[in-house]
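Have a look at the structure below, then the notes.
The values are calculated or read from the model by the stated rules, or taken from the named source; none is laboratory data. If you're wondering where the values come from, they're calculated on a predicted model, not measured in any experiment. So basically every Cβ, Gly included, is an ideal-geometry build from the backbone, and we count neighbours across all protein chains shown. Just the protein is used for accessible areas: all its heavy atoms, side chains included, with ligands, DNA and RNA removed. Shrake-Rupley method; radii C 1.70, N 1.55, O 1.52, S 1.80 Å.
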Amino acid sequence: MFDLSGRVAIVTGTSRGLGQYMARALARAGADLVLTSRTRESLQAFEAEIRGLGRRAVSLDLDVRNLESIDRMVSEAEKAFGRLDILVNNAGCNVRKPALDVTWDDWNLILDTNLRGSFFVAQAVARRMIPCGYGRIINIGSVTSVAGYAGLGPYGASRGGIRQLTMSLADDWGKHGVTVNCLAPGWFRTEQNKVLYENKEWVEYLCDRIPMKRPGRPEDLDAAVVFLASEGSSYVTGQTLLVDGGISTGATRALVQPVQKTSTLHKTVRSSSGGKKRRGR
């Protein structure tokens, strides 16, 4: 049910970070890979690694902000393998700034890359999947798809848009056998945010708000991406799967921390044979 042998997967944004981990997980499950980056040269070592796992792999240039680049990549991918079964829409970027400091260009960079780019890559790939009556599209969202964080306004808007886009495309393409889901990681250490994890106080603050008490590890996404890419998820579409250690359940404690001292309410009541009963409030 989770064997991807014979399937071809495109994973965008695989020059580093979580994109490589997800591509590696798909390859280990049996899929052949189309790897993409704005510079094909940056993919050479990773392509060799995928081939070392016994899978076919091809590296292609892709700038998701350029429609011609998208169409060219998808055409070359189809030509290389003859079929396209899986898309992991991973390419993205972020600019961390207080809302008052965000520029017009900051906004356009983030939304054009994360949201507009994801839509048009999905559209181009779906045009190949629909005639075959089969496809798995996995849009990469974030915990910011469902929660707001200061300093991440444009990024959160783009990832919230990904969640809504996922539901719309699922409704559009379900009748053609193409499922569309959103995989939403929580707080993972990546190249984009590694500076945050150098601050011990901030890491403690973060972990205190995650029920699992730790940030995500890249391998925490392996099973989720393979599931959404496989036959096992054939009746799952339009959904957002949060892999976030539970932080989306809410970051505010509803209960005070327990204290060592036993309260009056819980003091033992003396038996009538031993003296007076102590009544709680």
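Those helices (runs of 4 or more DSSP H) of the range 138-249 in which 2 or more residues are of a type outside the set (D, E), open to solvent by 30 Å² or more (accessible area, probe 1.4 Å) and modelled with pLDDT of 95 or more occupy 153-173, 222-229. Just give me the residues in the range 55-80 being in contact with a Gly (Cβ under 9 Å, 6 or more places away or on another chain) and either farther than 15 Å from T12 by Cβ or among the small types (G, A, S) (or both), in sequence order. Once the filter is applied, which keeps residues that are in contact with a Gly (Cβ under 9 Å, 6 or more places away or on another chain) and either farther than 15 Å from T12 by Cβ or among the small types (G, A, S) (or both), the range 55-80 yields only R55. Under the condition of being without any contact (Cβ under 8 Å) to a residue 12 or more places away in the chain and assigned to a helix (DSSP H, G or I), the residues counted in the range 83-108 number 5. Among the residues of this structure, Q123 counts as one that is open to solvent by 30 Å² or more (accessible area, probe 1.4 Å), over 27 Å from P215 (Cα atoms), in a helix (DSSP H, G or I) and out of contact with any strand residue (DSSP E or B) (no Cβ under 7 Å at 6 or more places or on another chain). Give the residue that is nearest to Y134 (Cα to Cα), with candidates limited to residues of the range 2-16 that are open to solvent by 10 Å² or more (accessible area, probe 1.4 Å), touching a Phe, Trp or Tyr at 6+ places or on another chain (Cβ under 9 Å) and touching a residue at least 40 places away in the same chain (Cβ under 8 Å). Top of the filtered list is F2.
In the condition set (1) within 22 Å of N66 (Cβ to Cβ); (2) among the basic types (K, R); (3) in contact with a helix residue (DSSP H, G or I) (Cβ under 8 Å, 6 or more places away or on another chain), R24 is compliant with all but (1).
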